[in-house]
1. Applying the selection to the stretch 49-72, what residues are free of Cβ contacts under 8 Å to residues at least 60 places away in the same chain, more than 19 Å from ASN3 (Cβ to Cβ), part of a helix (DSSP H, G or I) and out of contact with any Leu (no Cβ under 7 Å at 6 or more places or on another chain)?
2. Tell me the residue from ASP201, ASP212 that is in contact with a Pro (Cβ under 9 Å, 6 or more places away or on another chain) and without any contact (Cβ under 8 Å) to a residue 60 or more places away in the chain, please.
3. Going by the structure shown, is THR228 more than 21 Å from LEU113 (Cβ to Cβ), loosely packed, with under 12 Cβ neighbours inside 10 Å and at pLDDT below 90?
4. Which pairs have Cβ atoms under 9 Å, sit 6 or more apart or on different chains, and link a residue in the stretch 183-195 that is closer than 16 Å to ILE104 by Cα to one that is of a type in the set (Ser, Thr, Tyr) and surrounded by 16 or more Cβ atoms within 10 Å (Cβ to Cβ)?
5. Can you find, within the stretch 111-122, the residue that is modelled with the highest pLDDT among those that are open to solvent by 20 Å² or more (accessible area, probe 1.4 Å) and touching a strand residue (DSSP E or B) at 6+ places or on another chain (Cβ under 6 Å)?
6. Might you let me know whether the stretch 148-162 holds any residue that is among the polar types (S, T, N, Q) and in a strand (DSSP E or B)?
7. Checking GLU194 against (1) at pLDDT 90 or above; (2) more than 14 Å from LEU140 (Cα to Cα); (3) open to solvent by 80 Å² or more (accessible area, probe 1.4 Å): exactly one of these is not met. Which one?
Amino acid sequence: MLNHQSPTPLYRQLADELSRQIRSGELPVDGRIPSEPELAKTFGIGRPTVRQATDCLVRRGLLERRRGAGTFVVASHEPVDLFTLGGTAAAFHGAGLELITTIISPPRLLNHLPSETGPLASQSGYVFTRVGSLDNKPVLLEQMALQQSTFPEFEKLPLSHEPLSALVEHHYHRRPTSGHQTLRAHSATALEAEILEIDADASVLLVERTLDFGNALNAFYARMLVVTFRVALTQTLNTTASLSATTLTRDKTS
């Protein structure tokens, strides 16, 4: 039963309990959960509170409503290790997921890259934007910048034919040798929310990645927005060196 004396809202308590039942298999994948009246009676709460809880789990991608049939448990995605040098497509592929990418802003050459491109700002380089989807739902928005001197004539490459990491290796004979990555919560702008098909101001994970290619330092920059309620992320830590390389900094915008 729910704790009516707890400072945690009742809808959040119910959402947590339903999440636990989904994880344990008590509520199986593709199975219909109890109706709102049934849940209200079971937990001694009102139907609006039940609706708040199920709305929360629908937004997180754990439940889906089927018109005329009820609310059902959705199959969870395999965790994706997005924190590798191999690229996002490789990360999703490694988890057994087929990420479908769509270029929404093709590569163009800028003589002075904007400040939003991190360490590449003011340099000459290429920028482009793409969206990654799973099961026809956007899960990833990537804005990328590449150093022109390291990747000349990048705009002529067939980006839709193979993963970006494979394309770079094939045409430039380069692989990333090291990189730096920062992560923080981000409230989606109206345009970002429209592209990702989420609510405006919804919280997403912002990942900023810079890659080195041998002596070409900071030659690649990516700003990625991840819809974490549609895909789970994981990071593998296997050595003391890996742990010591992880640093925390204060977000100056907070």
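1. ARG51, ASP55, VAL58
2. From the options ASP201, ASP212, the qualifying one is ASP212.
3. no
4. Correct list of pairs: ILE195/THR129.
5. The selected residue is PRO119.
6. No, every residue in the stretch 148-162 fails to be among the polar types (S, T, N, Q) and in a strand (DSSP E or B).
7. (2)
Residue-wise test of (1) open to solvent by less than 70 Å² (accessible area, probe 1.4 Å); (2) modelled with pLDDT of 85 or more.
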| position | (1), (2) |
| --- | --- |
| ASP30 | no, yes |
| ILE45 | yes, yes |
| GLN52 | no, yes |
| PHE72 | yes, yes |
| GLU78 | no, no |
| LEU82 | yes, no |
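The values are calculated or read from the model by the stated rules, or taken from the named source; none is laboratory data. Remember, it's a predicted structure, so these values are computed and weren't measured experimentally. Here Cβ is always computed from backbone atoms with ideal geometry, including for glycine, and neighbour counts include all displayed protein chains. Protein only, heavy atoms only, side chains kept; ligands, DNA and RNA dropped before computing areas. Shrake-Rupley method; radii C 1.70, N 1.55, O 1.52, S 1.80 Å.
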